[in-house]
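Q: Right, I'll just put the structure down here and ask away after.
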């Protein structure tokens, strides 16, 4: 894949790459995707790595306009930036569909610390395991559901999720499989002292880079 073939929009949020190997996998993961899906999903890894690497060279890029981000309708304030549009003939998921995505999850309150990535979850062949869920099942944080509803298969989107649409408890998915990442994430978001100081409007802000790999209709 030629990176030059894409027109990149750089978000104002800057991240530093961080490799954190997990010690376990989700209890419910999708079966290994077919080779075509793996090749398509790999583009998210390439694009996100490129964006992170480019942070040290931001001066050579023009600062994005605020209009690059748009608020998703009926999302409770989720902002989105499309890094790559999906296939013209790609499917858009509906409630009840099984959605398969690759993602990088970051926490704004920790300077964009990457708390999880499906590329750290491997199958028996060492291939990245995507995350799957049933849309509108209530098991996944609302911001992710809002983001995928208007995506087409093959699309890549960066979303900024406000606390009200992020984690409301420690059982909502996606849950970082690594204990230390999970502990750091939830003790930051649900820190009682900082919440009592009125910081609840910022502690749980999340940034997800997501690729819609496939949709299976109910």
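Q: Can you figure out the FRET efficiency of residue 201 with residue 85, using R₀ = 30 Å and their beta-carbon distance, to the nearest 0.05?
A: 0.40
Q: Over the Cα atoms of the range 68-158, compute the convex hull volume and normalise it per residue, giving Å³. Each step should come with its number before you reach the end.
A: On the way: hull volume 11.7 nm³, N = 91.
Considering the Cα atoms of the range 68-158, their hull volume per residue is 129 Å³.
Q: Expressed as a whole number of Å, what is the distance separating the alpha-carbon centroids of the range 158-194 and the range 76-143?
A: 15 Å
Q: By the gyration tensor of its Cα atoms, with a ≥ b ≥ c the square roots of the eigenvalues, what is the shape of the range 129-218: rounded for a/c under 1.5, prolate for a/b over b/c, or oblate?
A: Working: a/c = 2.25, a/b = 1.85, b/c = 1.21.
Prolate is the answer for the range 129-218, as a/c is 1.5 or above and a/b outweighs b/c.
Here, each number is a calculation from the coordinates, and none is a lab measurement. Predicted, not measured: the structure shown is a model, and the values here were computed from it. When we count neighbours, we look across all protein chains shown, and the Cβ atoms used for this are built from the backbone with ideal geometry, even at glycine.
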